Amino acid sequence: MKKLTKKEIEKQEKEKFLEKINLLDLKWIKFELSKNNKIVPILNSTKIFSLDSHKLQLYLYIANKIAKNEKINVKTMVFYLEKSNTKRIKLLDILNKELKDKAELLEWFEDSYPFKIEELESEVKKDPYIVKDEEWNIRNLLFEFIEKVSNLTKFIFNKNYKTSIQRNMKTIKQWLLENHVDLKDLEWYFDNIYSKMVYDWQQHKSIKWFLLEAQEYFYNPDNYKKELKALLLFLKTKNESTKRLAVWTAFKKYKNTLSSILYHLDYNLDIFEKILKDFSAEYKRYWLNWTLNTLFNNLFQKYPQHIKNLEDIENKDNKIENKDNWYEKEFKDFVKLKWIDDVDIIKEYYNIYKKEWIQAIQEL
């Protein structure tokens, strides 16, 4: 029997090793011997490019290490592939999920599964929106929430558009901080109010349009809810649709009027409902159409007994009419319109008025 040469033995060993590693599940990556007798990973299908870029990075790195018959250090790999801790956290999470049921690949790692990196654990603790379990399965609550909003309002937010992800994440983080709102409360508003009643059916490019509506809600949640309840009472009284699109359209149309009516009624929904029924019955009797604007225009004449701040309004009118009789009528009308009752402020505006800047004042 012919004795094998050293090169032939090495080649046989490499072929056995090649056969073994080609059984590994590395998606669409396989191994072959190159012309210079080195094992190299090859892509045997274009399907691999349909993988998320992070997964592709991981599998290519792992395949290169296996081809060299080298053990893999998780921290070295993650810190080599990504430069920011946020992306490293995400990469580590993907790695743990991908290798969960791949014991044959876990043998190639120096670290025990689930993989952990001490420096990144401290980063996770700093971020209130990132949660992880004992197996290092990570969830970014902020990302998940934006994704949910985008699915409803149809703006771009997915892994293929990294710029969109960064922009929207930054926008909402800043908004939550500036408005002192907890993410759980914002999600409650989205689930229970926005998506059911005031959902904007237009399509936008970012989450900021949703946040503008949310800002109005969080300025005074109680009043906002009462405005919506008042609108539903109005729609039901007129036998109009209370489906989501109809409510959204009516809310956009009547929001300011509703706010004005309820303000004068001290946001008392019982009184509002009583006035609504009475006003509706009167107009129905004469076969007349009416809207919330019609009601507001008749509020002071027909229902003065229900207006909580009527006395303050009359006092304000008297203050301007009696105490400051020397003001021109045009200026007095302007002061009434703007509800200004501070004497010093009125005098300052009057100085501007005398300089013929009334047009500029009216635009304030």
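The values are calculated or read from the model by the stated rules, or taken from the named source; none is laboratory data. The model shown is predicted, which means the values in this text are computed figures rather than measured ones. Because the Cβ atoms are built from the backbone with ideal geometry, glycine has one as well, and the counts that use them run over all protein chains shown.
Quick notes on this structure:
- Qualifying residue in the stretch 248-266 (condition: farther than 26 Å from F296 by Cβ and of a type in the set (V, I, T)): no
- Subset of the stretch 191-241 [surrounded by fewer than 16 Cβ atoms within 10 Å (Cβ to Cβ), modelled with pLDDT under 90 and among the polar types (S, T, N, Q)]: Q202, Q203
- When the criteria are applied in full, I9 meets the requirement of being farther than 20 Å from K162 by Cβ and of a type in the set (A, V, I, L, M, F, W, C).
- Breaking point among (1) in contact with a strand residue (DSSP E or B) (Cβ under 6 Å, 6 or more places away or on another chain); (2) touching a residue at least 24 places away in the same chain (Cβ under 8 Å), for K27: (1)
Residue-by-condition table, conditions (1) within 20 Å of Y59 (Cα to Cα); (2) among the polar types (S, T, N, Q):
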site	(1), (2)
N73	yes, yes
V78	yes, no
K97	yes, no
D101	yes, no
D111	yes, no
P114	yes, no
E121	no, no
E144	no, no
K154	no, no
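- For K30: the one exception among (1) part of a strand (DSSP E or B); (2) within 29 Å of K184 (Cβ to Cβ); (3) of a type outside the set (S, T, Y): (2)
- Answer from L58, L106, L91 - the residue that is on the phi < 0 side of the Ramachandran plot, at pLDDT 90 or above and either outside the structural domain of E10 (by TED's automatic domain parsing) or in contact with a His (Cβ under 8 Å, 6 or more places away or on another chain) (or both): L91
- Considering (1) in a helix (DSSP H, G or I); (2) surrounded by 12 or more Cβ atoms within 10 Å (Cβ to Cβ); (3) free of Cβ contacts under 8 Å to residues at least 60 places away in the same chain, the lone condition that D111 does not fulfil carries the number (1).
- L310 being on the phi < 0 side of the Ramachandran plot, surrounded by fewer than 16 Cβ atoms within 10 Å (Cβ to Cβ), modelled with pLDDT under 65 and touching a Pro at 6+ places or on another chain (Cβ under 9 Å): yes
- Residues located in the stretch 23-38, provided they are surrounded by 13 or more Cβ atoms within 10 Å (Cβ to Cβ), under 23 Å from L95 (Cβ atoms) and either of a type in the set (A, V, I, L, M, F, W, C) or modelled with pLDDT of 90 or more (or both): L24, L26, W28, I29, K30, F31
- The stretch 270-297 residues that are exposed (fewer than 15 other Cβ atoms within 10 Å of the Cβ), paired with ones that are assigned to a helix (DSSP H, G or I) (beta carbon under 6 Å, 6 or more apart): N293/T257
- Meets criteria (at pLDDT 90 or above, under 23 Å from M77 (Cβ atoms) and charged (D, E, K, R)) for D52: no
- Consider the stretch 43-100 and keep the residues that are among the small types (G, A, S) and not in a helix (DSSP H, G or I). The one that is surrounded by the most Cβ atoms within 10 Å (Cβ to Cβ) is S45.
- Scanning the stretch 114-133 for residues that are exposed (fewer than 11 other Cβ atoms within 10 Å of the Cβ) and assigned to a loop (DSSP other than H, G, I, E, B) returns a single hit, D133.
- Residue under evaluation R139, criteria (1) within 14 Å of the chain's Cα centre (by Cα); (2) part of a strand (DSSP E or B), criterion not met: (1)
For every residue, the table says whether it meets (1) within 30 Å of K148 (Cα to Cα); (2) under 32 Å from the mean Cα position of the chain (by Cα); (3) not in a helix (DSSP H, G or I).
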residue: F234; (1), (2), (3): no, yes, no
residue: N239; (1), (2), (3): no, no, yes
residue: L245; (1), (2), (3): yes, yes, no
residue: K252; (1), (2), (3): yes, yes, no
residue: Y267; (1), (2), (3): no, yes, yes
residue: E282; (1), (2), (3): no, no, no
residue: W287; (1), (2), (3): no, no, yes
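- Against the conditions (1) in a helix (DSSP H, G or I); (2) surrounded by 12 or more Cβ atoms within 10 Å (Cβ to Cβ); (3) β-branched (V, I, T), I9 satisfies every one except (2).
- When N85, N36 are checked against the criterion of being assigned by TED's automatic domain parsing to the domain that holds W108 and either more than 26 Å from E121 (Cα to Cα) or over 36 Å from the mean Cα position of the chain (by Cα) (or both), N36 stands alone in meeting it.
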